[in-house]
Every structure is written in structure tokens, then in C-alpha cells.
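Worksheet: one structure, shown below.
The values are calculated or read from the model by the stated rules, or taken from the named source; none is laboratory data. From a predicted model like this one, the values you see are computed outputs, not experimental measurements. Glycine gets a Cβ as well: all are built from the backbone with ideal geometry, and neighbour counts include every protein chain shown. Each accessible area value is taken on the protein alone, full model and side chains, heavy atoms only, with ligands, DNA and RNA left out. Shrake-Rupley method; radii C 1.70, N 1.55, O 1.52, S 1.80 Å.
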Amino acid sequence: AFQNLVLCETVLSETRRLNLGVFNRVRVLLRDDKRSIIAFPNENHREVWSAQRTNETANDYNDRLIRDTAKWYSEQVEASGVAKVLLLTNDRRCKDLARKEGIAAESIQEFVAGLGSKFPGLVDLLADTDQVDPRDEGGSRDARTAKFDAHLSEPEINRRLKAGTLVQGTFRASPFNHGEGSIMTYTKKDAAGRKVIISGFKSINRAIDG
């Protein structure tokens, strides 16, 4: 699903600063010749680099460098019909500005959703986000809407177990798909046990192995 990617030096530097583990995983991808993923030194390229403007925040400056790189790439490859360039960003403001500047842009969620049935289950591998922009008035990362159903209270769980409308078991995460797991349930009528498959992060509802 993800091939022919260009990762800006700006993006790589920010990733390294925020999460070294993710940065190291990206380095592995850069060495995978089958995927055609390259790093582009945009901050050392005279066609796309520019100085930070007065009163421009570091985040806005980085976003502008990324948009300028996407625009430059579009001008190089789209005119010759080699490929189409799409800017992927989960920064809502950056995406909106890119579109205003004539740059094709989508969030990673929008891009994966557009793949349809070609890669089923891929959307479950994405981090859950509604792209709240902390620069918006009153906006914050804590202002996200709830993504999971609330857990039942202990009295309610006990009541439903006694009524037979719930089953109980130990959750075991799949070693092959972190969006899937299972539990073994045992009842008086089924002493041998029954395996129940739980699929999708919403259904797993924050459960962890064990």
C-alpha cells in the first residue's frame, strides 16, 4: 500500500526528536529497496528551503517547508506525467493550507480509507485520531471525542454474568495481528470451553493481553 514515498528531512528530524523508536523503524523502511522510500534533504536544497519568517512558529515553519517540498515535487513529476504527488499529513491546518495552495493533500486516515477493499483491515492498524489542531481556539489534544465504548461497572458486569448475557475469559492478543485477539470461555454447559474471536480495536476496547 505504501510505496514510492518521499520523506522530507524536516519530517525525519522531527520524528527523531519526538520518538527515537519510530525514527529507527523509519530508517529500516528507508533501506527496503522493494518499497522505493527515499529521504529528501529539503533543508539543504536551494529550490525548496527558505528562512523562517518573522513571528512564524517552529511548527508553522516546518509545515511550510513540507508544503513547499510537496509543491516542488509536483512541478517536477506531474508535468511530465511521471506520477501524481500527494501530501500526507495529519496536521489539519497544514492539510487545509496545502489544498488552498493547490497541493493535493490528505490525512493518513483519508488515504487508507480510499484504498477500499484492496487492503482490508489496514485501517485498524492506524493510530486513532480526529486531527484536533491545538493551534485552534479552544482546541487541544485532550478535546478528542471518545473513540471507545465506556467500560461497564463491576456491579453491572456481575449482574450480566449471572444473567448469562456476558461471558468471562482471559484476553489473548493475536501474535500475528495486533487488531485481533480471543478469549476462552467456560460454562457449566460447556466445560470444554469455547474460543471467542475479538476483531478490531473498537471491539477489543483497550483490553491488553492477560
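One table, with the values for the structure above:
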| item | result |
| --- | --- |
| Given (1) open to solvent by 60 Å² or more (accessible area, probe 1.4 Å); (2) over 28 Å from residue 122 (Cβ atoms), number of the condition residue 193 does not satisfy | (1) |
| Number of positions in region 42-100 that are surrounded by fewer than 18 Cβ atoms within 10 Å (Cβ to Cβ), among the polar types (S, T, N, Q) and closer than 19 Å to residue 12 by Cβ | 5 |
| For residue 38: the one exception among (1) open to solvent by less than 60 Å² (accessible area, probe 1.4 Å); (2) in contact with a strand residue (DSSP E or B) (Cβ under 7 Å, 6 or more places away or on another chain) | (1) |
| Selection count where residues are of a type outside the set (A, V, I, L, M, F, W, C), in a loop (DSSP other than H, G, I, E, B) and surrounded by fewer than 17 Cβ atoms within 10 Å (Cβ to Cβ), scope region 101-113 | 2 |
| Condition met for residue 203 (open to solvent by 50 Å² or more (accessible area, probe 1.4 Å), in contact (Cβ under 8 Å) with a residue 12 or more places away in the chain and under 23 Å from residue 150 (Cβ atoms)) | no |
| Pair list, Cβ < 9 Å and 6+ apart or interchain, from region 73-84 residues that are under 13 Å from residue 103 (Cα atoms) to residues that are open to solvent by less than 90 Å² (accessible area, probe 1.4 Å) and charged (D, E, K, R) | 84/78 |
| One residue from 132, 85 being at pLDDT 85 or above and in a loop (DSSP other than H, G, I, E, B) | 85 |
